[in-house]
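Single-structure report; data block below.
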Amino acid sequence: MIQFNKDHQYPLEDILFVFALEFEAKEMFNHTRKVITGIGKVTAAINLTKAIYEKRPKLIVNLGSAGGFGFKKGDVVCCTKFIQRDMDVQGLGFKKFETPLSKIPIILENGIEIENLPVGICGTGDSFETNHINTEYNVIDMEAYSLALIAWQENIPFISLKYISDDANSDAADDWAVQVHLAAEAFKNILFREELL
């Protein structure tokens with residue numbers, strides 16, 4: 001049993017752990033039900049959808065590395081709001097980040113908070129951001145929005161934890177290459193502390 005906060009606890013077998021890359025999970029999640037989606041919104045959406053219908057989870061937990069603004073490298077941030085940062089149809093009169101002709105809110109609110117973790121707004125897009133200028137979000141990744149949207153549409157509770165690997169600046173690629181390998185250990189220390197099992 002994993003207790004995420006005073007109102008939310010789930011048996012391990014009911015949880016689907018979702019990673020973009022195998023080395024974000026390493027062997028530390030081999031005892032769980034996990035899916036490796038691959039990088040990017042479309043690939044992540046396809047592979048999560050398949051896993052939902054195969055595994056029927058009662059909770060989806062997205063774990064991965066991300067850029068961060070206003071956090072320290074090595075922080076784990078709980079994201080509860082999501083923006084599709086590369087959706088831009090302002091030229092046709094739509095708002096920044098708005099998905100045209102849909103009922104999807106610009107800022108998708110979906111996520112369970114975990115006690116004692118900072119909360120962030122995740123901007124997801126199919127690019128590795130190295131010049132963060134948008135103030136609407138402070139965590140930057142390439143999959144979480146699509147995962148949060150699917151969980152929201154399927155009415156499955158959702159948690160997204162992001163290990164801050166870089167500052168989304170000109171050093172981001174070098175920082176990510178080093179820090180991403182530390183993510184699995186950080187997630188294990190938060191989720192599988194002895195007192196939570």
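The values are calculated or read from the model by the stated rules, or taken from the named source; none is laboratory data. In this text, all values refer to a predicted model and were calculated from it rather than measured experimentally. Glycine also receives a Cβ, built like all others from the backbone with ideal geometry; neighbour counts cover every protein chain displayed. In case anyone asks, the SASA skips ligands and DNA or RNA and just uses the protein heavy atoms, side chains included. Shrake-Rupley method; radii C 1.70, N 1.55, O 1.52, S 1.80 Å.
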What order, most packed first, do the peptides 152-160, 15-23 have when packing is the mean number of other Cβ atoms within 10 Å of each residue?
15-23, 152-160
Restricted to the chain, the DSSP antiparallel beta bridge percent, nearest 5, is 30
Under the definition of Cα pairs under 8 Å and six or more residues apart, what whole-number percent is the relative contact order of region 19-65?
43
Starting at 0 and stepping by 10 Å, how many percent of the alpha carbon pairs of region 1-47 end up in each bin?
25, 42, 30, 2
Express the Stokes-Einstein translational diffusion coefficient of the chain in µm² s⁻¹, to the nearest whole number, given a Kirkwood radius over alpha-carbon pairs, 4 °C and a viscosity of 1.567 mPa s.
77
Simple spin-label estimate for GLU54/ASN155, 7 Å along Cα→Cβ, in nm, reads 2.6
On a 20 Å Cα-Cα criterion, which of the cross-link pairs LYS96/LYS162; LYS41/LYS72; LYS55/LYS162; LYS72/LYS162 come out too long?
LYS96/LYS162; LYS41/LYS72; LYS55/LYS162
Please report, as a whole percent, how much of the solvent-accessible surface of region 22-94 comes from carbon and sulfur atoms (probe radius 1.4 Å).
55
Keeping all protein chains in position, work out how much accessible area TYR53 exposes to a 1.4 Å probe, and write it in Å² to the nearest 10.
110
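Could you work out how much longer the chain between GLN9 and ILE104 gets when fully extended? Use 0.36 nm per residue separation minus the Cα distance between them, nm to one decimal.
Contour length minus the Cα-Cα distance gives 31.4 nm.
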Could you work out the pair-distance distribution P(r) of region 1-117 from its alpha-carbon pairs, with 5 angstrom bin width and percents rounded to whole numbers?
2, 9, 15, 19, 22, 16, 9, 5, 2, 1
Helix-only [θ] at 222 nm, the chain, -39500 (n - 2.57) per DSSP H run of 4+, per residue, nearest 500, equals -6500 deg cm²/dmol
